[in-house]
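A.B. asks: Could you have a look at this structure, given as structure tokens, before my questions?
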Amino acid sequence: MRQVELRKLREGEWFKRKPESAHWYIREHYNRADQFGPATFWCSTEWSTSDGREFKPNVLVWID
């Protein structure tokens, strides 16, 4: 496994937050910065596309 910034991944690619984690995320769409918050990527969990988290573009993630 290697570590990269989230912004380097393409939409639809899988990643983990930590190398020992059992959970996988899928990088989804980009949310531009606006008056309500900073720029983020929506990342859905492996088991549900309607469940997920927002991550900053410069967060380091693990890929195969």
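A.B. asks: Report the residue count in segment 46-64 for those that are more than 13 Å from the chain's Cα centre (by Cα) and in contact (Cβ under 8 Å) with a residue 40 or more places away in the chain.
C.D. replies: Counting residues in segment 46-64 that are more than 13 Å from the chain's Cα centre (by Cα) and in contact (Cβ under 8 Å) with a residue 40 or more places away in the chain gives 1.
A.B. asks: Next question, about the same structure. Which condition from (1) exposed (fewer than 12 other Cβ atoms within 10 Å of the Cβ); (2) among the basic types (Lys, Arg); (3) in contact with a Pro (Cβ under 7 Å, 6 or more places away or on another chain) is the one that ARG7 breaks?
C.D. replies: Unmet for ARG7, out of (1) exposed (fewer than 12 other Cβ atoms within 10 Å of the Cβ); (2) among the basic types (Lys, Arg); (3) in contact with a Pro (Cβ under 7 Å, 6 or more places away or on another chain): (1).
A.B. asks: Quick one: in segment 1-45, which of the residues that are of a type in the set (Asp, Glu) and over 13 Å from ILE63 (Cα atoms) is farthest from the chain's Cα centre (by Cα)?
C.D. replies: Looking at residues that are of a type in the set (Asp, Glu) and over 13 Å from ILE63 (Cα atoms), I get ASP34.
Quick note: the coordinates plus some simple rules give every number you see, no bench work behind them. For clarity, every value in this text was computed on a predicted model and none was experimentally measured. So basically every Cβ, Gly included, is an ideal-geometry build from the backbone, and we count neighbours across all protein chains shown.
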